[in-house]
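Notes to accompany the following structure.
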Amino acid sequence: MSDKLNTQEVAMLREELEILMNERTGLLKVVGAAAVLVANTDGRNLPPEAAEAAEMLSKCVNDLSEETLRDALEIVHAEVGPGDL
């Protein structure tokens with residue numbers, strides 16, 4: 001009985017991990033696209049409301065760890081120079 005329970009628990013954990021990894025991939029795509037958008041947007045040319053949202057987005061992107069940002073940019077195939085991160 002204990003082995004059967006452990007097998008079921010392991011299977012459930014594997015499924016949950018797969019779900020989380022797929023969710024992470026989706027979130028990295030969003031973050032990567034947001035980072036590219038921020039990098040290519042001149043806030044001076046935006047309406048005030050959009051500039052405020054862009055600034056908030058920029059701060060969120062900048063708060064990410066370098067590893068996460070690198071993963072996000074890689075997943076959207078963004079080219080990054082050596083000093084850009």
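The values are calculated or read from the model by the stated rules, or taken from the named source; none is laboratory data. Keep in mind it's a predicted model, so treat the numbers as computed, not measured. Positions of Cβ are backbone-derived with ideal geometry, glycine not excepted, and every protein chain shown enters the neighbour counts.
Just one of the listed residues (Glu18, Glu55) is within 21 Å of the chain's Cα centre (by Cα), at pLDDT 95 or above and either loosely packed, with under 10 Cβ neighbours inside 10 Å or under 27 Å from Glu74 (Cβ atoms) (or both), and it is Glu18.
Screening Leu5, Leu64, Leu85, Leu37 for residues that are at pLDDT 95 or above and of a type outside the set (D, E, K, R) leaves exactly one candidate, Leu64. Just the residues that are in contact (Cβ under 8 Å) with a residue 12 or more places away in the chain, in a helix (DSSP H, G or I) and not acidic (Asp, Glu), please, taken from region 40-59. Once the filter is applied, which keeps residues that are in contact (Cβ under 8 Å) with a residue 12 or more places away in the chain, in a helix (DSSP H, G or I) and not acidic (Asp, Glu), region 40-59 yields Gly43, Ala54, Leu57, Ser58.
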